[in-house]
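See below for the structure under consideration.
The values are calculated or read from the model by the stated rules, or taken from the named source; none is laboratory data. Only a predicted model underlies this, so the values are computations on that prediction, with no experimental measurement involved. Here the Cβ is made from the backbone with ideal geometry for all residues, glycine too, and neighbour counts use every protein chain on show.
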Amino acid sequence: MRCFTIFKTLLGVTLAVLAFPPKSNAQDGGRAGAYLRAGVGVRPLGLGGAFVAVANDLTAGYWNPAGLGQLAEPQFAVMYSLLSLDRKYNYVAAAYPFARLGAVSVSWVNYQVSSIQGRDRAGAVTGEFSNGENAFLISYGKTLSSSFALGGTVKLLRHDLAQRSAAGLGYDLGVLFQPVEFLTLGAVRQNLQTQLHWDDPAKTKEKFSPLTRVGAQIKPRPFITLSADYEIMAQGKNKFHAGGEFFLSRFAGLRAGNDGGAMAFGASLLTPVSRHLLSLDYALSRDRIDDGLTHQFALVFKFNQSSPPIANGTTTPAAVPPPPAVNTTATAPPETIVPAKTMLFVVQVIEVRSPFLIIGSEDLEGLQTGMPLRVYQSMLGKETGRYYGAGQTMDVSPRFAILQMNEAKQAEALHVGDKLLLKVEP
């Protein structure tokens, strides 16, 4: 039954994507900063650019800097695109989270065309020149509460064309809001006060058109992501983006999207490397400059994370980092500790090692080793859903704990990324 439900979900996403016939994105070419509207990150591009409300990796510095507050580990990524017309489009980024202080990312977006043949007004060849555009993004994002996050990006711009050059500055602002556990809303305003100043005799100023993106993400399960964005341009045509992502296993994922009327597809293969995680991503999408097909490849490193992202399957701004190495082989339970009053803890499953659960939370104050407890599905606030069983805490730290369920089948009924409510009674 569960497989049938997943199949229906994927079929619905695919039909929604195919319902929009492919059309040209080439109208993006020719405008100031057109290369910055091409998008970065292979995973977001495979989702058709519907990433404003997802934004849960280091590419959030571009799509929605508020999403950086979701990062649980340092990340590094490099992207390469195969483009027509001898163009080069590259992206390199690194991000580092500072726990409750938020996260910072630094990104470099490069677009370049070399060996362009120059001609004078009479058509005579005058030599070759190149066109290079670069954007350096410095981004910061922070979760201000369990349901709200805010972030911003400063863009340092450089454009070199033949013998002329220009430099400029710009800003982006983004927000994320999660009204309920399975739904996240996002918005970003890009190119605020963004312009280039040329070094020609006329001191030309080139202004970038402001861009607003609003979006929504739905996660019916940790391994399924459905997203949609609406892109509003101050000058130009508005666009709709939609995408779906499904992880076939902990180490393989597929995605499809609709990028303003053009289809996009992608895939990811993940592998643990020591205590780190390496992801190889691929996307096939339409070129926003000449309307051709574009192949994009990326390597993404997530340090100190030994499980794939699906294992931490949540996009809540309050996502917790992976726990330190723990030993779950002990069989002797600790001495039972009975609390003086009833206590409730909302936690997230980090790892399942039946009959043990490793859970994480922003606040486990009051929880002690040896406390008997009952485990429920966490609904809104402190409301409880399905009852999973009883257990006992084996080890507790400020943000992580190991629970031993009374029966192995109780732990096996849970999945990494599930939200739980722990009830400790006197």
Tell me the strands (runs of 3 or more DSSP E) entirely within the stretch 344-426 that contain at least 3 residues that are hydrophobic (A, V, I, L, M, F, W, C).
-> 356-360, 384-396, 400-405, 419-424
Provide a single number: the residues in the stretch 247-264 that are within 16 Å of Phe51 (Cα to Cα) and among the basic types (Lys, Arg).
-> 1
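Every residue, every condition in (1) of a type outside the set (Val, Ile, Thr); (2) in contact with a helix residue (DSSP H, G or I) (Cβ under 8 Å, 6 or more places away or on another chain); (3) in the same structural domain as Ala187 (by TED's automatic domain parsing); (4) under 19 Å from Val300 (Cα atoms), yes or no:
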{"position": "Lys219", "(1), (2), (3), (4)": "yes, no, yes, no"}
{"position": "Tyr230", "(1), (2), (3), (4)": "yes, no, yes, no"}
{"position": "Asn238", "(1), (2), (3), (4)": "yes, no, yes, no"}
{"position": "Ala242", "(1), (2), (3), (4)": "yes, yes, yes, no"}
{"position": "Gly253", "(1), (2), (3), (4)": "yes, yes, yes, yes"}
{"position": "Asn258", "(1), (2), (3), (4)": "yes, yes, yes, no"}
{"position": "Ala262", "(1), (2), (3), (4)": "yes, no, yes, no"}
{"position": "Ala267", "(1), (2), (3), (4)": "yes, yes, yes, yes"}
{"position": "Arg275", "(1), (2), (3), (4)": "yes, no, yes, yes"}
Looking at Lys205, is it basic (Lys, Arg) and either surrounded by 15 or more Cβ atoms within 10 Å (Cβ to Cβ) or not assigned by TED's automatic domain parsing to the domain that holds Gly69 (or both)?
-> no
Find all pairs meeting these conditions: Cβ atoms under 7 angstrom apart; at least six residues apart or on different chains; first residue within the stretch 210-225 and free of Cβ contacts under 8 Å to residues at least 40 places away in the same chain; second residue surrounded by fewer than 19 Cβ atoms within 10 Å (Cβ to Cβ) and among the hydrophobic types (A, V, I, L, M, F, W, C).
-> Pro210/Leu192; Pro210/Ala234; Thr212/Ile232; Ile218/Phe182; Ile218/Leu183
Among the residues of the stretch 159-202 satisfying the criterion of being surrounded by 17 or more Cβ atoms within 10 Å (Cβ to Cβ) and among the hydroxyl-bearing types (Ser, Thr, Tyr), which is farthest from Thr225 (Cα to Cα)?
-> Thr194
Counting only residues that are outside any strand (DSSP E or B) and touching a residue at least 24 places away in the same chain (Cβ under 8 Å), which one in the stretch 74-99 is farthest from Ala283 (Cα to Cα)?
-> Ala99
For the stretch 265-279, pairs from a residue that is farther than 25 Å from Gly48 by Cα to a residue that is surrounded by 13 or more Cβ atoms within 10 Å (Cβ to Cβ) and modelled with pLDDT under 85, with Cβ under 6 Å and 6 or more apart or across chains, are Pro272/Ser306; Arg275/Asn304; Arg275/Ser306
Test: Glu245 is touching a Leu at 6+ places or on another chain (Cβ under 9 Å) and crowded, with 22+ Cβ neighbours inside 10 Å = yes
Do we find that Glu335 is touching a Leu at 6+ places or on another chain (Cβ under 9 Å) and modelled with pLDDT under 85 in this structure?
-> no
Entirely in the stretch 205-308, the strands (runs of 3 or more DSSP E) that have 1 or more residues that are of a type in the set (Asp, Glu) | 205-207, 224-233, 239-249, 252-259, 276-286
Hits in the stretch 350-359 (condition: within 14 Å of Ser378 (Cβ to Cβ) and in contact with a helix residue (DSSP H, G or I) (Cβ under 9 Å, 6 or more places away or on another chain)) = Leu357
